[in-house]
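Heads up, the thing below is written out as structure tokens.
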Amino acid sequence: MSVHHLLAADVVTLGPGRAAATAAAVAGAAAVVAGGMALARSAGRRAGDGRGGAVAAVVVGLVAAVVGGLVVITADGGLGTGNGLGGGVVAVVVGLVGAVLGGLAVRRRSTGRGRSAVPSPPAPGGPGGTRRPPRRG
């Protein structure tokens, strides 16, 4: 008996479960990249705002996690049966990582941390500032 007959699913067979899991995992990976780049932009390491990429990472990451979860829930067999269970699990994890990275970038932009790599000058009368004496006369 050959190894090919022992496998539950052929390696090159792309059923609906595998296709959905693969698409969700690729979308999750795109969310991780977009979220990482948005986080770098919000920290001032890259040019640009980063807000659009951050929101896209959150949305795409959550969609990838939901689709991967649906694949996991509807998979008939275990790992190696060709139903996309392994890809669904990967899609859930990678999608959630992308959503978290995007959420961190959105939060950083909304709190104002990381807006500028150059600190603003001190206010007059503050630490390091000069204060004029009041006028008399």
Karplus-derived 3J(HN,Hα), 6.51/-1.76/1.60, for each residue of the stretch 56-71, Hz, glycine and proline x: 4, 5, 5, 5, 5, x, 5, 5, 4, 5, 5, 5, x, x, 5, 5
Quick calc: nm separation of the 7 Å Cα→Cβ label points for Val33 and Leu14 -> 1.8
Scan around Gly84 for amide H atoms under 5 Å from its own, H built in the peptide plane at 1.01 Å from N, and keep only partners 5 or more places away or cross-chain. Arg18
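If I stretch the segment between Thr81 and Val26 completely, what's the gain in nm (0.36 nm per residue apart, minus their alpha carbon distance), one decimal?
Details: separation 55, 0.36 × 55 = 19.80 nm, distance 2.07 nm.
Extending this stretch completely gives an extra 17.7 nm.
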Would any residue of the stretch 17-32 have its amide N under 14 Å from a label point 7 Å out along Cα→Cβ of Thr74? List them or say none. 17-24
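Quick note: the coordinates plus some simple rules give every number you see, no bench work behind them. Nothing here was measured: the structure is a model prediction, and the numbers come from that model. As a convention, Cβ positions derive from the backbone with ideal geometry for all residues, glycine included, and neighbour counts pool all protein chains shown.
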